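Just below is one structure, and these are the notes that go with it.
The values are calculated or read from the model by the stated rules, or taken from the named source; none is laboratory data. As the structure is a computational prediction, the values presented were derived from the model and not from experiment. Note that we place each Cβ from the backbone using ideal geometry, even for glycine, and neighbour counts take in every protein chain shown. We work out accessible area using only protein heavy atoms, side chains counted, and drop any ligands, DNA or RNA first. Shrake-Rupley method; radii C 1.70, N 1.55, O 1.52, S 1.80 Å.
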Amino acid sequence: MIWQNLKGCNQRYFLKALFLGQFISLLLCGTAVSTGLLQQQGVNIPTAQSFFNYVLLCLVFTTILCCRKNGRSMGEIFRSWGWRYFLIAVIDVEANYLVVKAYAYTTVTSVQLLDCFSLVSVMILSRFCLHTRYRVQHLGGAAVCLIGMVGLVLTDVLVGKNDNQASNVALGDVLIIVGATLYGVSNVCEEYVVRTYDKVEFLAMVGLFGSFINGAQFAILERDEVASLDLTSYKTGRIFILYI
């Protein structure tokens, strides 16, 4: 029915959005698997693990933003939106930290399933902040997601089906849910900025602020773990590169 109502460029737009969405899901699956493999290698550096992601965003998009002639200048952005981008970067960094940290306490499967709570938080925030309207089908899908998430948490806590693979599933589940909520906040802010201004500005500023925030956090919390880590190890190094 939906496909029949789409014509011409709308069909191409829909297919492009569908393809990009599935490709993003594939990449997120890759980060989950690589993080799980790093945990098996005894590597537990959730902040430092994401540091190079922000650095790459900064090197690419902040450079583009500084050199381009169209759009808002860096000075204008800092004056009007600097503190807002700083807060968005803090939220994004901590969301990544909590979700990656959860792998130390629970399984990859639980992380990936519970991370879907970001969908619920996005819908709630979008409704109140962006005034987005949803159909019954959307609300039904979110309800199914929420019911499944609650069922998984109860199974982990009460039945303990992952006790042989995870050290503290309850703590891991809480970290994922909080991290997914922060992901929702970050994603709604991203949608607003991309629609109001443009995607280059958002990626540039989050990459810039995120690099400093993430770098300071891992220097304070994880400098000993990073110093003792052997990144020259082929097995650990290739997984780390895969995650990035």
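Evaluation of L154 against the conditions (1) aliphatic (A, V, I, L, M); (2) at pLDDT 80 or above; (3) part of a helix (DSSP H, G or I) shows that the sole unmet condition is (2).
Can you name every residue in the range 29-45 that is in contact (Cβ under 8 Å) with a residue 24 or more places away in the chain and in a helix (DSSP H, G or I)? If the condition is that a residue be in contact (Cβ under 8 Å) with a residue 24 or more places away in the chain and in a helix (DSSP H, G or I), then C29, G30, T31, A32, V33, S34, T35, G36, L37, L38, Q39 are the ones that fit.
Residue under question is R79, and the condition is that it be open to solvent by 50 Å² or more (accessible area, probe 1.4 Å), charged (D, E, K, R) and modelled with pLDDT of 90 or more; does it hold? Answer is yes for this residue. Within the range 226-244, the set of residues being under 20 Å from V55 (Cβ atoms) and touching a helix residue (DSSP H, G or I) at 6+ places or on another chain (Cβ under 8 Å) comprises V226, L229, L231, T236, I239, F240, L242, Y243, I244. Of the candidates G207, G237, G184, G179, the single residue that is surrounded by fewer than 20 Cβ atoms within 10 Å (Cβ to Cβ) and of a type outside the set (A, V, I, L, M) is G237.
Residues that are of a type in the set (V, I, T), within 19 Å of L182 (Cα to Cα) and touching a Pro at 6+ places or on another chain (Cβ under 8 Å) number at least 1 in the following helices (runs of 4 or more DSSP H) confined to the range 46-140: 74-102.
Looking across Y54, Y134, one residue alone is surrounded by 14 or more Cβ atoms within 10 Å (Cβ to Cβ) and either touching a residue at least 12 places away in the same chain (Cβ under 8 Å) or over 16 Å from E190 (Cβ atoms) (or both). It is Y54. Looking at R68, R72, R84, just one residue is among the charged types (D, E, K, R) and open to solvent by 80 Å² or more (accessible area, probe 1.4 Å), and that residue is R84.
Looking across T47, T35, T62, T31, one residue alone is touching a helix residue (DSSP H, G or I) at 6+ places or on another chain (Cβ under 8 Å), polar (S, T, N, Q), open to solvent by less than 60 Å² (accessible area, probe 1.4 Å) and under 16 Å from K199 (Cβ atoms). It is T62.
Taking the criterion of being part of a helix (DSSP H, G or I), over 20 Å from A48 (Cβ atoms) and over 17 Å from the mean Cα position of the chain (by Cα), the residues of the range 186-221 that qualify are R195, T196, V200, E201.
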